[in-house]
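**Q** If you scroll down you'll find the structure; I have some questions about it.
The values are calculated or read from the model by the stated rules, or taken from the named source; none is laboratory data. Keep in mind it's a predicted model, so treat the numbers as computed, not measured. Using ideal geometry, Cβ is built from the backbone for each residue, glycine included, and neighbour counts are taken over all protein chains shown.
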Amino acid sequence: MQKELNLLLSRNLDGERGYTNASTHIKNENFKNFLKAYADQRRKYAQEIKDRMEELGIEPREDFSTLGSIHHAIMELITKISSNADKALMEECARGESMAVSDYKKAMKSNMFDSDTLSMVMKQHDKIMAAKQTLKKIGEVI
């Protein structure tokens with residue numbers, strides 16, 4: 001269970017950093033506020049996971065993933081070279097959520113969680129899935 005929870009913790013830390021970074025580069029104020037709200041959501045999820053790990057006597061490992069760092073670098077590059085940076089950033093945020101959804105599904109399939117932890121993970125998964133779908137739709141209309 002420690003491995004799975006640390007993976008989800010890292011993914012949420014990656015997401016918070018990605019959304020915060022995107023919100024500083026995006027031009028549209030409505031999208032900027034939207035991304036800041038998702039950064040706050042991911043920060044909350046990371047804290048929920050850390051709290052749960054501590055309740056279970058598991059040491060949380062608070063670091064970014066290598067994949068998240070690469071994704072962050074890609075987002076930085078997009079802001080410098082894209083003719084429609086807002087669209088590209090929203091698409092990259094959706095791609096990041098796809099990675100998170102995949103990790104959540106793997107963690108849930110591991111059958112390593114007690115019922116309270118599984119409930120928390122499922123709720124977070126569902127909200128991240130909804131964010132992914134919203135970001136994808138926004139990316140299509142920009």
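**Q** Would you pick out the residues in segment 107-142 that are among the basic types (Lys, Arg) and either surrounded by 16 or more Cβ atoms within 10 Å (Cβ to Cβ) or in contact with a strand residue (DSSP E or B) (Cβ under 8 Å, 6 or more places away or on another chain) (or both)?
**A** Correct list: Lys132, Lys136.
**Q** Turning to a different aspect of this structure: Against the conditions (1) modelled with pLDDT of 85 or more; (2) over 30 Å from Ser119 (Cα atoms), where does Ser82 fall short? Just the number, please.
**A** The failed condition is (1).
**Q** Being of a type in the set (Phe, Trp, Tyr) and surrounded by 21 or more Cβ atoms within 10 Å (Cβ to Cβ) is the filter here; which residues of segment 1-33 pass it?
**A** Within segment 1-33, just Tyr19 meets the criteria.
**Q** Read through the list (1) free of Cβ contacts under 8 Å to residues at least 60 places away in the same chain; (2) part of a helix (DSSP H, G or I); (3) not aliphatic (A, V, I, L, M), then give the number of the only condition that Arg11 fails.
**A** Just one mismatch for Arg11, condition (1).
**Q** If Asn111 satisfies all but one of (1) under 21 Å from Met1 (Cβ atoms); (2) in a helix (DSSP H, G or I), what's the number of the condition it fails?
**A** Every condition holds for Asn111 apart from (2).
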